[in-house]
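Some notes on the structure that comes next.
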Amino acid sequence: MNTVGPDWGAGVIQSSAIAFAVSLLLIIAYIAIRFEYKMGIMAVVALLHDLIIVVGIYALVGREITPNMVAALLTILGYSLYDTVVVFHRINDNMKESSLKCTFMSMANHSINQVFIRTINTTLTSFVPVFGMLIFGGETLKDFAFAMAVGLIAGSYSSIAVATPLYAMWKTREEKNAKLVKKYGPEVQLFTFASTLPPASKEEAQATVAAGEAADKKTAVAETKAKEAPKTNKRNTHKKRH
């Protein structure tokens, strides 16, 4: 090939778009197998958010899109996906290990608190060399460093403030989680694991859970009796008539 024309460029763009779409589907499929398909969809939403933020700021400041910027975008997507998966992994573990009852939103909030310091430390550690390239690097490195700096910030908060809240809102719509909202209220409450409590607190927590279960059983029995009462009255009335 001696010349590069519009047809060749259109073909490259089409192939790139197909490859990008396939990669997103594979990400969703893997996370769905490993955790849940809803987590996969929210992880992709966070990736698209980061991509739009970086490209938008690049366009806003008038920088030219170069191969270095594209390389930075791919690196950013990896960072963002990793941060999101870390949060989702913590949520998945908490769903299995939690011994206290609360709303799903409260549990997700607790999961974010558990990994928040780790996310900040990872971002700051990665930002130090990027900041050095941005200040002291050449023009080629500055393109890469600028995109990386924006992407690191966007990726850090998207995993905490975009992917996780959207996933928690989606999960709250499920029937079992919606019942917990009716029981405990919509406010995000302090969430504590029984495994992290001292022995006395563990006993209190277990007693609280047992009392809650007993109250639920009493409520269920009362509702059942209330439903059966009209039927019993009808039967008694029918017998009196005969």
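The values are calculated or read from the model by the stated rules, or taken from the named source; none is laboratory data. Note that the structure is predicted; figures quoted are calculated from it, not measured. Cβ placement follows ideal geometry from the backbone for every residue including glycine, while neighbour counts extend to all protein chains displayed.
How many residues are under 17 Å from L77 (Cβ atoms) and touching a residue at least 12 places away in the same chain (Cβ under 8 Å) if we restrict to the range 18-40?
Qualifying residue count for the region: 6.
How many residues are at pLDDT 90 or above and more than 20 Å from G155 (Cβ to Cβ) when one looks only at the range 112-135?
Residues in the range 112-135 being at pLDDT 90 or above and more than 20 Å from G155 (Cβ to Cβ): 0 in total.
Taking K96 as the residue in question, decide whether it is modelled with pLDDT under 85, in a helix (DSSP H, G or I) and under 18 Å from the mean Cα position of the chain (by Cα).
Working: modelled with pLDDT under 85: yes; in a helix (DSSP H, G or I): yes; under 18 Å from the mean Cα position of the chain (by Cα): yes.
Criteria met by K96.
Yes/no per residue for (1) at pLDDT 90 or above; (2) under 13 Å from T164 (Cβ atoms); (3) part of a helix (DSSP H, G or I):
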| site | (1), (2), (3) |
| --- | --- |
| V22 | yes, no, yes |
| I28 | yes, no, yes |
| L47 | yes, no, yes |
| A72 | no, no, yes |
| V87 | yes, yes, yes |
| H110 | no, yes, yes |
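Here are some residues: F146, F116, F104. Which one is surrounded by 19 or more Cβ atoms within 10 Å (Cβ to Cβ), out of contact with any strand residue (DSSP E or B) (no Cβ under 9 Å at 6 or more places or on another chain) and closer than 30 Å to V55 by Cα? Give the steps one after another, and end with the answer.
Working: F116 fails: surrounded by 19 or more Cβ atoms within 10 Å (Cβ to Cβ); F104 fails: closer than 30 Å to V55 by Cα.
F146 is the lone residue from the list that is surrounded by 19 or more Cβ atoms within 10 Å (Cβ to Cβ), out of contact with any strand residue (DSSP E or B) (no Cβ under 9 Å at 6 or more places or on another chain) and closer than 30 Å to V55 by Cα.
Could we say that L81 is surrounded by fewer than 17 Cβ atoms within 10 Å (Cβ to Cβ) and either modelled with pLDDT of 90 or more or not charged (D, E, K, R) (or both) here? Steps first, answer last, please.
Values: surrounded by fewer than 17 Cβ atoms within 10 Å (Cβ to Cβ): no; either modelled with pLDDT of 90 or more or not charged (D, E, K, R) (or both): yes.
When the stated conditions are applied, L81 does not pass them.
Restricting to the range 158-197, and then to whatever is over 17 Å from I112 (Cβ atoms) and among the hydrophobic types (A, V, I, L, M, F, W, C), can you tell me which residue is modelled with the highest pLDDT?
A178
Within the range 49-70, which residues are within 23 Å of I160 (Cβ to Cβ) and surrounded by fewer than 13 Cβ atoms within 10 Å (Cβ to Cβ)?
Kept after step one, since they are within 23 Å of I160 (Cβ to Cβ), are these residues of the range 49-70: 49-57.
Of everything in the range 49-70, those that are within 23 Å of I160 (Cβ to Cβ) and surrounded by fewer than 13 Cβ atoms within 10 Å (Cβ to Cβ) turn out to be I52, G56.
Could you pull out the residue among T123, T103, T140 that is polar (S, T, N, Q) and over 26 Å from the mean Cα position of the chain (by Cα)?
On the way: T123 fails: over 26 Å from the mean Cα position of the chain (by Cα); T103 fails: over 26 Å from the mean Cα position of the chain (by Cα).
The unique qualifying residue is T140.
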